[in-house]
Amino acid sequence: MEQMRQITLNIPPTTKPRVVIVGAGFGGLNTAQSLPDDKFQIVLFDKHNYHTFQPLLYQVASAALQADSIAGPLRNLFHDTKDFHFRMLRVLSIDPGTNTINTSAGPLQYDYLIISTGARTNYFGNENMQRYALPLKTIPDALNMRSQLMQLFEWASLNGNPAISDYMLNVVLVGAGPTGVEMAGALSELRKNVLPKDYPALDFSKMKIYLLDGLDRVLPPMHPKSSARAQKYLEKMGVIIKLNTIVQDYDGETITLKTGEQIKSFLVVWSAGVTGETFPGIPKEWTERGRLLTDPNCRVIGSPNIFAIGDIALMKLEDYPKGHPGVAQPAIQMGKYIGKNLYAIHRSDKVKPFKYFDKGSLATVGRGKAVADLPKNIHLGGRLAWWIWLFVHVNFLVSFRNKLLVLTNWIWNLFTFDKGNRLIIRPYIRKGDERAKAVFTENESGS
Ligand SMILES: Cc1cc2nc3c(=O)[nH]c(=O)nc-3n(C[C@H](O)[C@H](O)[C@H](O)COP(=O)(O)OP(=O)(O)OC[C@H]3O[C@@H](n4cnc5c(N)ncnc54)[C@H](O)[C@@H]3O)c2cc1C
């Protein structure tokens, strides 16, 4: 009988130190791109075979962009890197005692381990929210959301029941951070410019877009001036903003607030918070609130050879006592820092501590409307902030192809007021949603 072949990662043996990077987000990608490939063997793991540009996920969810315009195939990005090995798998646990990383495809030993696994959605223990509301962290999440949104309109046009047709188009966005604000703006533009033409039989004055937050302003990480500006834009666009509002429960159809008030909606988007999540095997004392505590060289406190960067890292400094903000720039800058300095660290040379350069924050609300907090206490709004937002986002996309696709889509949208990606390629069927199952699985492949 033929012997079962053991699954291995098929990584060649090496005499160079092996660096294993977990996560090909902003942090991991920049690390891999900055490491000298003649000094290290570079191994990159991710559960996807592409890098996701998370800041534009909401545009995929709201049908403005196609998914592949914000995703960069990882192997393609490393054609010119020698001794580089990408493996698509899920990391399961780490054994720092034996320098072993355990994955869904088997174990591998490392000399240096860089953890850049980002953050995960935090439902604050609300199980019903986790079950029924939709998160927005990955491309599959964005595609689920786009499907659910478009399915609602298709379903509404099939449905003649006046008891539910009044609220079946409602969308509730929980969390008025950049994701909630940008999504609210995008949906409001869709409601104004696109949907009435697609569905002439539906009355879109009944489509309500709610934006809820427990805090007292939208865009809480930004300057109050920018928050006020963004709120004004959204209200003008017809978004119903409810601040100081705590969401208590959601049963898939009715969302209940702490005050007892209820809102009916079949689409609730949850972007109210994120949390860190480390791996089994990592000592508890290395972590705080799910994030890995690091020294100013990004080295995990307690480990000689494990580093953490980006959202998963908690580097407490005088200027950042709660760590750096959970946005792309700290992850990018930490990735470049560790990539450039790891060889010096390996040789026990002295290296300068990591220093974060805060380039400011941006959020867009819609066509010609954005807010920008820039260095030197400059706070911009309107068209100028929007152009800056556009330029920065195109510039940070990972490949020329992504830049071109995004730009052409945006130019198309700009001139036609249309969002061309309103496709239900893969219907989203929430667990137990028999109605959606009956209506939308009919035409799937093979049937
Ligand atoms: C919807 C949304 C909008 C955002 N908008 C902005 C914005 O406008 N501006 C801004 O600056 N920031 C924004 N952010 C935040 C920004 O995207 C993050 O701060 C940044 O991506 C963090 O980078 P990272 O490398 O730490 O993690 P990530 O980019 O999240 O990458 C983590 C990677 O690790 C992989 N991974 C995780 N666990 C495993 C495992 N067990 N095994 C294998 N692989 C694993 C994941 O697949 C992923 O590729 C936004 C985030 C979201 C979700």
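The values are calculated or read from the model by the stated rules, or taken from the named source; none is laboratory data. Given the structure is predicted, the values throughout are model-derived calculations rather than measurements. Note that each Cβ is placed from the backbone with ideal geometry, even for glycine, and that neighbours are counted across all protein chains shown. With ligands, DNA and RNA removed, areas are computed over all heavy atoms of the protein, side chains included. Shrake-Rupley method; radii C 1.70, N 1.55, O 1.52, S 1.80 Å.
Of the residues in the stretch 206-226, how many are surrounded by fewer than 17 Cβ atoms within 10 Å (Cβ to Cβ) and among the acidic types (D, E)?
Residues meeting the conditions: 1.
Take the stretch 28-50 and flag every residue that is more than 15 Å from G339 (Cβ to Cβ) and open to solvent by less than 40 Å² (accessible area, probe 1.4 Å).
Across the stretch 28-50, the qualifying residues are F45, D46.
At least 3 residues that are away from the ligand (no atom under 16 Å from the Cβ), in contact with a His (Cβ under 9 Å, 6 or more places away or on another chain) and at pLDDT 95 or above in each: list the strands (runs of 3 or more DSSP E) lying fully within the stretch 256-299 that qualify.
In the stretch 256-299, there are no strands (runs of 3 or more DSSP E) which contain 3 or more residues that are away from the ligand (no atom under 16 Å from the Cβ), in contact with a His (Cβ under 9 Å, 6 or more places away or on another chain) and at pLDDT 95 or above.
Could you give every pair whose Cβ atoms fall below 6 Å, whose first residue belongs to the stretch 315-341 and is open to solvent by 50 Å² or more (accessible area, probe 1.4 Å), and whose second residue is modelled with pLDDT of 95 or more and not in a loop (DSSP other than H, G, I, E, B), counting only separations of at least 6 or pairs across chains?
Cβ pairs passing all conditions: G326/D311; K336/N30; K336/S34; K340/S34.
Could you list all residues from the stretch 367-385 that are within 17 Å of S188 (Cα to Cα) and either within 12 Å of the ligand (Cβ to nearest atom) or crowded, with 19+ Cβ neighbours inside 10 Å (or both)?
If the condition is that a residue be within 17 Å of S188 (Cα to Cα) and either within 12 Å of the ligand (Cβ to nearest atom) or crowded, with 19+ Cβ neighbours inside 10 Å (or both), then K369, A370 are the ones that fit.
If I go through the stretch 186-214 residue by residue, how many of them are closer than 12 Å to K419 by Cα and among the polar types (S, T, N, Q)?
The number of residues fulfilling the criteria is 1.
Could you list, ordered by first residue, the pairs with Cβ atoms under 6 Å in which the first is in the stretch 160-184 and in the same structural domain as L257 (by TED's automatic domain parsing) and the second is of a type in the set (D, E, K, R) and within 16 Å of the ligand (Cβ to nearest atom), at least 6 apart or interchain?
The qualifying pairs are A176/D213.
Can you tell me which residue among P304, P321 is farther than 26 Å from D111 by Cα, part of a loop (DSSP other than H, G, I, E, B) and in the same structural domain as T287 (by TED's automatic domain parsing)?
P321
Can you report the number of residues in the stretch 124-147 which are open to solvent by less than 20 Å² (accessible area, probe 1.4 Å), within 16 Å of the ligand (Cβ to nearest atom) and not basic (K, R)?
5
Would you check which residues across the stretch 88-116 are near the ligand (Cβ under 9 Å from one of its atoms) and open to solvent by 50 Å² or more (accessible area, probe 1.4 Å) and list them?
M88, R90, L92, S104
Tell me which of these L404 doesn't satisfy, since it passes every other one: (1) within 29 Å of A24 (Cβ to Cβ); (2) aliphatic (A, V, I, L, M); (3) in contact (Cβ under 8 Å) with a residue 12 or more places away in the chain.
(3)
Taking the stretch 315-353 only, how many residues are over 22 Å from D373 (Cα atoms), touching a strand residue (DSSP E or B) at 6+ places or on another chain (Cβ under 9 Å) and more than 12 Å from the ligand (Cβ to nearest atom)?
So the answer is 6.
With (1) within 16 Å of the ligand (Cβ to nearest atom); (2) touching a strand residue (DSSP E or B) at 6+ places or on another chain (Cβ under 6 Å); (3) at positive phi as the list, and V19 as the residue in question, which single condition is left unmet?
(3)
Of all residues in the stretch 102-146, how many are under 15 Å from K47 (Cβ atoms) and in a helix (DSSP H, G or I)?
Number satisfying all stated conditions: 3.
Suppose we keep only residues that are surrounded by 15 or more Cβ atoms within 10 Å (Cβ to Cβ) and over 19 Å from the mean Cα position of the chain (by Cα) within the stretch 67-87. Which one would you say is farthest from the ligand (Cβ to nearest atom)?
Here the residue is D83.
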